[in-house]
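For reference, the structure discussed in these notes is given below.
The values are calculated or read from the model by the stated rules, or taken from the named source; none is laboratory data. Since the model is a prediction, treat every value here as computed from it, not as a measurement. Glycine also receives a Cβ, built like all others from the backbone with ideal geometry; neighbour counts cover every protein chain displayed. Just the protein is used for accessible areas: all its heavy atoms, side chains included, with ligands, DNA and RNA removed. Shrake-Rupley method; radii C 1.70, N 1.55, O 1.52, S 1.80 Å.
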Amino acid sequence: MSTFLLEIVTPERIVYAEQVDMVSVKGVEGELGILPGHIPMVTPLQIAPVTIKRGSQHELVAVNGGFIEVRKDKVVILAESAELPIDIDVDRAQAAKQRAEQRLQTKRNEIDHHRAQLALQRALNRLDTRQR
Ligand code: ATP
């Protein structure tokens, strides 16, 4: 079976770079499964785990929004932050979740509310990715 290069990149580092069989992402318009030879495209991603099939392995990466770009030569996921399960600090994510939930309970302006909601989604994404 043919493979393609998948790179997951943040402003800080290359989180993942491997030849893979398939990657599944949650785009803003729904689930997307990318196989070798997919037509080139760019689409924004939701804050959600990305699932990867590599040989007999299934891998997960917590990807916090960003974009997926399918090119002819490779697939690139660009996000503000992304972590492999092994790199996720559960205590930190739980603390971030609590902080965000407290912020959402107090009455605040729309911008702060939106920020807290995004922080909550990142924390839940990390906990979900780590647990699966
Ligand atoms: P926090 O409030 O705990 O900083 P955050 O969602 O605001 O969480 P980000 O701005 O998304 O954090 O990420 C900042 C950096 O910290 C990134 O490099 C990200 O990978 C890392 N990071 C954030 N939370 C965790 C975590 N729970 N485990 C491991 N790395 C994390």
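If the condition is being within 10 Å of the ligand (Cβ to nearest atom) and in a strand (DSSP E or B), then the range 63-108 contributes ASN64, ALA82, GLU83. Selection of the range 1-31 for residues being buried (at least 17 other Cβ atoms within 10 Å of the Cβ) and of a type in the set (A, V, I, L, M, F, W, C) yields PHE4, LEU6, ILE8, VAL15, VAL20, MET22, VAL23, VAL25.
Yes or no, residue by residue, for (1) farther than 24 Å from ARG130 by Cα; (2) among the β-branched types (Val, Ile, Thr):
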| residue | (1), (2) |
| --- | --- |
| PRO36 | yes, no |
| PRO40 | yes, no |
| VAL50 | no, yes |
| ARG54 | no, no |
| HIS58 | no, no |
| ILE68 | no, yes |
| ARG71 | yes, no |
| LYS74 | yes, no |
| LEU78 | no, no |
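Screening the candidates LEU60, LEU127 for the property of being within 17 Å of ILE34 (Cα to Cα), outside any loop (DSSP other than H, G, I, E, B) and in contact with a Lys or Arg (Cβ under 8 Å, 6 or more places away or on another chain) yields one hit, LEU60.
Can you find a residue that is closer than 22 Å to ARG13 by Cα, more than 9 Å from the ligand (Cβ to nearest atom), under 16 Å from the mean Cα position of the chain (by Cα) and open to solvent by less than 60 Å² (accessible area, probe 1.4 Å) anywhere in the range 109-120?
Checked the range 109-120: no residue is closer than 22 Å to ARG13 by Cα, more than 9 Å from the ligand (Cβ to nearest atom), under 16 Å from the mean Cα position of the chain (by Cα) and open to solvent by less than 60 Å² (accessible area, probe 1.4 Å).
Pairs are defined by a Cβ separation below 9 Å, a sequence spacing of at least 6 or placement on different chains, a first member in the range 78-99 that is closer than 11 Å to ARG122 by Cα, and a second member that is at pLDDT 95 or above and of a type in the set (Phe, Trp, Tyr); the pairs so defined are ALA82/TYR16. Regarding THR106, is this residue of a type in the set (S, T, N, Q) and touching a residue at least 12 places away in the same chain (Cβ under 8 Å)? Criteria not met by THR106.
Of all residues in the range 36-52, those that are under 14 Å from VAL75 (Cα atoms) and surrounded by 15 or more Cβ atoms within 10 Å (Cβ to Cβ) total 5.
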